[in-house]
1. If you go through the range B:28-54, how many residues are surrounded by 19 or more Cβ atoms within 10 Å (Cβ to Cβ), aliphatic (A, V, I, L, M) and within 21 Å of A:Gln44 (Cβ to Cβ)?
2. Would you mind finding the one in B:Gly57, B:Gly43, B:Gly107, B:Gly61 that is in contact with a strand residue (DSSP E or B) (Cβ under 6 Å, 6 or more places away or on another chain) and at pLDDT below 95?
3. From B:Lys52, B:Lys56, which residue is of a type in the set (D, E, K, R) and within 11 Å of chain A (Cβ to nearest Cβ)?
4. Would you check if there is a residue in the range B:88-103 being open to solvent by less than 70 Å² (accessible area, probe 1.4 Å) and over 23 Å from A:Asn56 (Cβ atoms)?
5. Just give me the residues in the range A:83-115 being more than 9 Å from chain B (Cβ to nearest Cβ), small (Gly, Ala, Ser) and open to solvent by less than 10 Å² (accessible area, probe 1.4 Å), in sequence order.
6. Tell me which residues, restricted to the range B:81-114, are more than 12 Å from chain A (Cβ to nearest Cβ), in a loop (DSSP other than H, G, I, E, B) and of a type in the set (A, V, I, L, M).
7. What are the residues in the range A:1-60 that are open to solvent by less than 20 Å² (accessible area, probe 1.4 Å) and among the aromatic types (Phe, Trp, Tyr), if any?
8. Just one of B:Gly43, B:Gly78 is away from every other protein chain (no Cβ under 14 Å) and at negative phi; which is it?
Amino acid sequence: KAGVTQTPRYLIKTRGQQVTLSCSPISGHRSVSWYQQTPGQGLQFLFEYFSETQRNKGNFPGRFSGRQFSNSRSEMNVSTLELGDSALYLCASSLGPGQGTDTQYFGPGTRLTVL
Amino acid sequence: GNSVTQMEGPVTLSEEAFLTINCTYTATGYPSLFWYVQYPGEGLQLLLKATKADDKGSNKGFEATYRKETTSFHLEKGSVQVSDSAVYFCALRPHTGTASKLTFGTGTRLQVTL
């Protein structure tokens, strides 16, 4: 079974621009979560989607948004980029609620650099 | 709220040495506990997990036991290899109905030398 895939792997943007990151979950997984990883703040939860609905949201400003499609693929968008948005963005997929332990499996991440 | 505390790194060991990375947690109820590993330039890989008290997770020679009485989930390996050099993250996930969010520790960098 193919793992979680994320595109693109690397992005360079300038302040004020917006960016869209994509995540394709493991086949059969219906839940997708997004995390931001930075050296200063570590791993922080952004949001989680299940069946095209946002179930859970972390403490990030409204510039960070996401969505999930009917095939469980997910995108996250960051508008009006700031230097502090430079990070590794990780996507994780799982079967979904009520599915036992519902272990999350991570993709390789998208490295975003904001200049 | 939920939190995970890991020992500060880096941890530097010689090959074949014994490894322990301490992890303690704060959570209500009985969360699931995980260890993830991150190699340079990669995402997180699930190393092992435990879902209830006294469970032992194991994989690739690594082990961790869910200790409810000490709220701990320490990672151990009897003989480390250079290829084990990576950053290790302890994490918990509550068993509440709708929350799948993982709470991570700060990570512990392991360096194994010949």
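1. To start, the set of residues in the range B:28-54 that are surrounded by 19 or more Cβ atoms within 10 Å (Cβ to Cβ) comprises B:31-38, B:43-44, B:47-50.
Going one step further and asking which of them are aliphatic (A, V, I, L, M), we end up with B:33, B:37, B:44, B:47-48, B:50.
Then drop every residue that is not within 21 Å of A:Gln44 (Cβ to Cβ), which leaves B:33, B:37, B:44, B:47.
Going through the range B:28-54 one residue at a time, the tally reaches 4.
2. Details: B:Gly57 fails: at pLDDT below 95; B:Gly107 fails: at pLDDT below 95; B:Gly61 fails: at pLDDT below 95.
Every option except B:Gly43 fails the conditions.
3. B:Lys52
4. Yes, some residue in the range B:88-103 is open to solvent by less than 70 Å² (accessible area, probe 1.4 Å) and over 23 Å from A:Asn56 (Cβ atoms).
5. Taking the range A:83-115 first, the residues more than 9 Å from chain B (Cβ to nearest Cβ) are A:83-87, A:89, A:93, A:95, A:99, A:110, A:112-115.
Cutting the leftovers down to small (Gly, Ala, Ser) gives us A:84, A:86-87, A:93.
Once the filter is applied, which keeps residues that are more than 9 Å from chain B (Cβ to nearest Cβ), small (Gly, Ala, Ser) and open to solvent by less than 10 Å² (accessible area, probe 1.4 Å), the range A:83-115 yields A:Ala87, A:Ser93.
6. B:Leu114 - this is the single residue of the range B:81-114 that is more than 12 Å from chain A (Cβ to nearest Cβ), in a loop (DSSP other than H, G, I, E, B) and of a type in the set (A, V, I, L, M).
7. A:Trp34, A:Tyr35, A:Phe45, A:Phe47, A:Tyr49
8. Details: B:Gly43 fails: away from every other protein chain (no Cβ under 14 Å).
So the residue among B:Gly43, B:Gly78 that is away from every other protein chain (no Cβ under 14 Å) and at negative phi is B:Gly78.
The values are calculated or read from the model by the stated rules, or taken from the named source; none is laboratory data. Not measured: the values here are computed from a predicted model. Cβ: placed from backbone, ideal geometry, glycine included. Neighbour counts: every protein chain shown. Keep in mind that these areas ignore ligands, DNA and RNA; they rest on the heavy atoms of the full protein, side chains included. Shrake-Rupley method; radii C 1.70, N 1.55, O 1.52, S 1.80 Å.
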